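The values are calculated or read from the model by the stated rules, or taken from the named source; none is laboratory data. The model shown is predicted, which means the values in this text are computed figures rather than measured ones. Cβ atoms come from the backbone with ideal geometry, glycine included; neighbour counts cover every protein chain shown.
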Amino acid sequence: MRKVFQADLQQIGEDLIEMSQRVAEAMERAWDSLANADVDLAQEVIAEDAKIDFLQTQLDERAIDTLALQGPVASDLRMIVGSLRMSASLERMGDLARHLAQLARLRFPKRAVPSAISETFSKMAQLDIRIARELGRLLDTRDLAIASQIIELNRELDKLHSSVFQIIAEENWQEDAPTTVDVSLTSRYLERFGDHGVSVARKVTYLVTGEWEPQG
């Protein structure tokens, strides 16, 4: 039974890594679809989100079965419960990438992002992609230096998110109301993607240290 238990734990860990890889790819493709008004790519991102959802369901079912059948204690219990919460955050990251693709599809053939702010959003998207890719490394190695790096990347993301609202509040902002709403939503989706990445990083830190790091 112990071998089965260890195999289940390993599979849960591998599923988390795969989810992180998929959400990184989803964000990369979603941003491309939004920046370039590529409706075909947007549709692919939307369709692919179902695979991330399936992975979460599969992982959660495995984790719940392991809890019920194996009776894990201490660090193993912490690992399983933490994995359930991390899979929820990763699934939400996939949803946020899908939201960007849906916005690209909604505004096609026009671009949802005006040129005046596209560079800021490009920087935010690149930070999100880096965060998601670093999550894969973190989940694989549990190197807490990577967790710290993810938190720092998210701080840069937060600054850019704040700058977006400064831009649209300026007197020389000339875009119409629908575009302003699109810009606000885009910034929010990109910012929340990073926040969920930090949530996963903090949970990995907890798994390694047994101590919950306060947010700040």
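Tabulated results
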quantity	calculated
Count of residues meeting criterion [polar (S, T, N, Q) and outside any helix (DSSP H, G or I)] in segment 133-191	2
Complete set of residues in segment 106-133 that are touching a residue at least 60 places away in the same chain (Cβ under 8 Å), of a type in the set (D, E, K, R) and closer than 18 Å to E25 by Cβ	D128, R133
Residue identified as under 26 Å from P109 (Cβ atoms), surrounded by fewer than 20 Cβ atoms within 10 Å (Cβ to Cβ) and modelled with pLDDT under 95 among E175, E170	E175
Which listed residue, of V164, V181, V204, is without any contact (Cβ under 8 Å) to a residue 24 or more places away in the chain and aliphatic (A, V, I, L, M)	V181
Verdict on F193 being within 23 Å of L127 (Cβ to Cβ), of a type in the set (F, W, Y), touching a residue at least 60 places away in the same chain (Cβ under 8 Å) and surrounded by 11 or more Cβ atoms within 10 Å (Cβ to Cβ)	yes
Candidates D53, D49, D60, D40, filtered to the one that is closer than 24 Å to R202 by Cβ, of a type in the set (D, E) and modelled with pLDDT of 95 or more	D53
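A quick yes/no check of all residues on (1) in contact with a Lys or Arg (Cβ under 9 Å, 6 or more places away or on another chain); (2) surrounded by fewer than 17 Cβ atoms within 10 Å (Cβ to Cβ); (3) among the polar types (S, T, N, Q):
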site	(1), (2), (3)
I150	yes, no, no
N154	no, no, yes
S184	no, yes, yes
S199	yes, no, yes
R202	no, no, no
